[in-house]
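As structure tokens, the structure follows; a few thoughts come after it.
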Amino acid sequence: MGMWLKLAQLRVPLNVTVAQLPAWVARRLGLEPRTVLEVRIDRKSLDARHKSPVFIYNLYLRIDLAPQKQDAFLKQHAELDLTVTGPPAVVPLQVGKTKPSISFRPVIVGAGPAGLFAGLKLAAAGFKPLIIERGEGLGERIARVDHFWHTGELDPESNIQYGCGGAGTFSDGKLTTRIKDPRLAEILQVLIELGAPEDIRYLQLPHIGTDLLREVVTKLERLIGEYGGEIQFRNRLTDLRIDRGEIRGVSINSGTHLETGLVLLAVGNSARDLYALLSEKGLKIEAKPIAVGLRIEHPQDLIDRAQYGSWAGNLQLGPGDYRLTYQDRESRRGVYTFCMCPGGQVVGAASEPGGVVTNGMSYHARNSGVANAAIVVTIPASDYGDTGPLGGIDFQRRLERKAYEAGGGKFFAPAQRVADFLKCEPSQGFIALKPSYLPGTRPANLWEVLPPNLCQAIAAAIRQFGRELKGFDWPDAVLTGVETRTSAPVRIVRDVEREAEGFNGIYPVGEGAGYAGGIISSALDGWKTAEVICEKYCK
């Protein structure tokens with residue numbers, strides 16, 4: 001069996017790979033390598049604050065040590081954060097342990113992270129959920145998006161925002177979250193079993209990459225089907241049948257009617273027509289603050305040198321990333337970088353005719369040579385004007401349409417060199433770095449797209465970030481606009497039972513409902529809601 005220990009805050013040189021870690025740990029503890037029976041990584045982060053960067057590990061160790069020697073061993077290494085513990089727990093997905101007490105099928109609206117993980121949990125519990133998704137299945141959707149990027153011909157029903165996997169399927173596949181919840185281990189375990197890299201369990205900034213994430217989503221869809229669930233594509237929710245606060249059924253594509261007493265609204269943050277429908281049906285919707293701005297691009301090696309100095313290019317470090325914040329005194333707004341994609345590209349993420357939306361993505365290898373991130377400004381709901389709970393949507397649309405006009409049509413995006421942006425002068429072209437945005441860009445003055453107070457805040461932030469991260473204000477860095485879909489502009493109010501306030505059987509979940517932000521937090525919200533339903537309706 002061996003003795004389990006937890007070793008925290010262990011500083012390990014860069015040249016020690018994960019494969020070499022057990023032997024290195026054995027030497028560090030003065031043990032024979034054969035006595036270290038097992039090493040499991042609980043956490044791995046990078047400390048690059050000094051001249052020689054090191055990795056910081058939290059480890060679970062199983063060592064072959066006689067009980068009478070254990071106390072002496074712990075005293076010998078008292079300088080280390082070393083404690084006796086049990087083996088790390090891995091909780092498998094519970095399948096078929098209960099039986100639902102309802103005869104109808106739950107309907108889940110949306111096949112993004114919240115919808116898919118709610119669907120998986122309910123399917124495993126025997127509910128046979130039906131997931132309806134307005135967009136296409138992943139293969140068809142990838143082809144549709146690629147066609148849009150190369151022709152500027154948009155399908156408003158199947159694009160980066162709509163389709164199997166949700167908007168995160170065309171991103172970096174970041175799994176970072178500040179939420180602490182034991183269920184996260186279950187969700188990560190599912191992702192790993194479906195093909196995600198093992199290191200997402202322990203990396204400080206875990207990511208899957210767009211390419212691997214697509215494979216995981218395909219297997220997740222298949223797994224839901226194996227447990228009795230079903231996903232139907234090109235099926236858009238067009239009506240809810242509600243009787244005295246009770247959900248009775250849904251209409252799909254304005255024609256098909258389904259009877260159900262359970263509807264999970266996992267709609268994503270771009271379901272603008274559905275927000276309007278829910279408001280008409282009397283669901284309580286609140287305007288929520290958002291953040292909008294631009295995408296900024298730098299050569300990846302510039303970021304690497306700024307972060308790692310002479311260690312830039314070390315394969316153990318990988319491409320450098322950053323997360324920067326600034327509080328603008330003049331506008332009293334926060335400015336921050338968002339969704340940083342090392343070694344990635346900027347892509348068109350529109351879902352409506354006549355509006356440009358940007359987003360960033362990268363593949364697992366992160367080897368494009370270009371770093372990009374959103375640089376966005378906080379927008380309080382008071383900025384929307386007296387336009388009701390859906391005012392944030394109007395605010396987003398106005399900016400997206402201005403960007404479309406400035407790009408000259410066909411979903412080309414307006415772009416500008418940083419040097420020109422800081423002087424409020426239109427760019428005439430691009431010198432050392434070409435914009436990576438697809439379908440294409442047009443040199444412009446982004447001060448004519450975003451409100452001046454937002455541009456002033458972004459310009460001040462770029463100057464400040466340049467002092468914090470050398471080269472961030474590089475004159476030939478490229479800004480592309482606009483980034484507007486950072487989060488949902490509304491919240492569908494729900495009660496302590498996770499049901500829409502004042503309604504039975506309607507469960508708003510995930511980012512589109514205003515309760516998450518990103519892949520993992522959305523998946524977790526769907527998972528937790530499915531748990532509540534299981535507790536309520538399972539025998």
### Task
Kindly sort 430, 412 by accessible area of their heavy atoms, largest first, with the probe set to 1.4 Å.
412, 430
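Given a Förster distance of 45 angstrom, what is the FRET efficiency for residue 410 paired with residue 501, based on the Cβ-Cβ distance and rounded to 0.05? Spell out each step's value before the answer.
Values: r = 43 Å, r/R0 = 0.95.
Here the calculated transfer efficiency is 0.55.
Using the beta-carbon distance between residue 257 and residue 128 and R0 = 22 Å, what value does 1/(1 + (r/R0)^6) give for FRET efficiency, to the nearest 0.05? Before the final figure, lay out each step's value.
Details: r = 19 Å, r/R0 = 0.84.
Efficiency, rounded to the nearest 0.05: 0.75.
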### Task
Would you mind putting 185-193, 31-39, 117-125 in packing order, based on average other-beta-carbon counts within 10 Å, highest first?
117-125, 185-193, 31-39
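How much length, in nm to one decimal, is gained on full extension between residue 45 and residue 199, taken as 0.36 nm per residue of separation minus their Cα-Cα distance? Intermediate results must be reported in sequence, preceding the final value.
On the way: separation 154, 0.36 × 154 = 55.44 nm, distance 1.14 nm.
Between residue 45 and residue 199, full extension yields 54.3 nm more.
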## Note on the structure
Dividing the mean separation of Cα pairs under 8 Å (6+ apart) by the residue count of the chain yields a relative contact order in percent of 17
### Task
Keeping the other protein chains in place, figure out the carbon and sulfur percent of the accessible area of the chain, with a 1.4 Å probe.
49
### Message
Distance between the C-alpha centers of the range 285-338 and the range 166-204? Whole Å please.
### Response
21
### Task
Apply the Karplus parameterisation 6.51 cos²θ - 1.76 cosθ + 1.60, with θ equal to phi minus 60°, to every residue of the range 188-204 and state each ³J(HN,Hα) to the nearest whole Hz, in sequence, with x for glycine and proline.
5, 4, 4, 4, 5, 5, 8, x, 6, x, 4, 6, 5, 6, 10, 5, 5
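For residue 93 and residue 147 in the same chain, what is the full-extension length gain: residue separation times 0.36 nm, less their Cα-Cα distance, in nm? Walk me through the numbers before you get to the answer.
Working: separation 54, 0.36 × 54 = 19.44 nm, distance 3.77 nm.
My answer for the length gained is 15.7 nm.
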### Task
At most 15 other Cβ atoms within 10 Å and a DSSP loop assignment: could you name the trypsin sites (Lys or Arg not before Pro) in the range 428-471 that fit?
470
### Query
Under 18 Å from the 7 Å Cα→Cβ point of residue 85, by amide nitrogen: which residues of the range 191-213?
199-205
### Task
Before anything else, pin down the relative contact order of the range 219-289: Cα pairs under 8 Å, at least 6 apart, normalised by residue count, whole percent.
19
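Say R0 is 45 Å: what FRET efficiency, to the nearest 0.05, do residue 74 and residue 180 get from their beta-carbon distance? Display every interim value, and only then the final one.
Working: r = 28 Å, r/R0 = 0.62.
Efficiency at R0 = 45 Å is approximately 0.95.
How do the peptides 313-325, 266-278 rank, highest first, by the average count of neighbouring beta carbon atoms within 10 Å per residue? Please report the intermediate quantities before stating the final value.
Details: 313-325: 15.6, 266-278: 23.7.
Highest-to-lowest ranking by the protection proxy: 266-278, 313-325.
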### Query
Over the range 357-425, what is the relative contact order in whole percent, taking alpha-carbon pairs under 8 Å and six or more residues apart?
16
### Task
Give the ranking of 136, 448, 153 by solvent-accessible surface, highest area first, calculated with a 1.4 Å probe.
448, 153, 136
### Query
If you stretched the chain out fully between residue 35 and residue 301, how much longer would it get, using 0.36 nm times the residue separation minus the C-alpha to C-alpha distance?
91.6 nm
### Task
Mind ranking 129-135, 55-61 by how tightly packed they are, going by the mean number of other C-beta atoms within 10 angstrom, highest first?
129-135, 55-61
### Query
Considering only protein heavy atoms, what is the solvent-accessible area of residue 147 at a probe of 1.4 Å, reported in Å² to the nearest 10?
80
### Message
Keeping all protein chains in the complex and leaving out DNA, RNA and ligands, what accessible area do you get for residue 331 with a 1.4 Å probe, in Å² to the nearest 10?
### Response
30
### Summary
For the range 106-123, in residue order, the Karplus 3J(HN,Hα) values (coefficients 6.51, -1.76, 1.60; θ = phi - 60°; whole Hz; Gly and Pro = x) are x, 10, 10, 9, x, 10, x, x, 5, x, 5, 6, 5, x, 4, 4, 5, 5
### Query
Under the Karplus relation 6.51 cos²θ - 1.76 cosθ + 1.60, θ = phi - 60°, what is the ordered set of whole-Hz ³J(HN,Hα) values for the range 77-89, x standing for Gly and Pro?
10, 5, 6, 9, 7, 10, 9, 6, 8, x, x, x, 8
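Hey, which of these cross-link pairs are over 24 Å Cα-Cα: 97/528; 99/284; 44/174; 128/536; 44/180? Please list the in-between numbers first.
Working: 97/528 17 Å; 99/284 32 Å; 44/174 16 Å; 128/536 16 Å; 44/180 17 Å.
Those over the limit are 99/284.
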### Summary
residue 286 and residue 273 label points (each 7 Å along its Cα→Cβ direction) are spaced in nm at 2.9
### Query
Counting DSSP beta bridges with both partners in the chain, what percentage is antiparallel, nearest 5?
80
### Query
Can you give me the Cα centroid spacing of the range 74-99 and the range 456-494 in angstrom?
40
### Message
Take residue 315 and residue 531, extend 7 Å from each Cα along the Cα→Cβ direction, and tell me the distance between the two endpoints in nm.
### Response
4.1
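The values are calculated or read from the model by the stated rules, or taken from the named source; none is laboratory data. These numbers were taken from a predicted model, which means no experiment stands behind them. All Cβ positions, even for glycine, are placed from backbone atoms using ideal geometry, and neighbour counts span all protein chains on display. Accessible surface areas use protein heavy atoms only, side chains included; no ligands, DNA or RNA. Shrake-Rupley method; radii C 1.70, N 1.55, O 1.52, S 1.80 Å.
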